[in-house]
Amino acid sequence: MSDDSSDDSLGGSDDEGAPTSQNLLASFYGIEKTPVKDDDDDAEPAEPLDRTDFEAKTYVEELLRRQPLDRLLERDAALRRETRTLGSDLQALVYENYSKFIAATETIQEMNSNVGAMEAGV
């Protein structure tokens, strides 16, 4: 699901050595970064679901045509597990950001009260 291409709207850059949006987000969230291979930049994603030109209808039709029922059921179970995992990861990130937001709000309120007390003392 990750795309190593840079996205200028997220702070990425095409310059070598410049941080990509994926690296910036990974460092912000404290996620261990996987090394980016320069020679694989044009490589296709291993999973068709990760492609930018993914077509759900075509993918399902191909699966139904080529795979036996037991493989389809295995794929269904794998996709459900992945969906739950991604949902849990997203929920954890939202909670972490909410916690950081609350901590920042409390810090700002404390700073405002300290500045108010200093102004009253002057």
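None of the figures in this text is laboratory data; all of them are computed from the coordinates on show. In this text the structure is predicted, and so the values were computed from the model without any measurement.
Here are a few things to note about the model shown:
- By the compact-protein rule of thumb, 2.2 N^0.38 Å, the alpha-carbon radius of gyration of region 43-86 corresponds to a ratio of 1.23.
- Shape call, region 63-112: gyration tensor on alpha carbons, a/c limit 1.5: prolate
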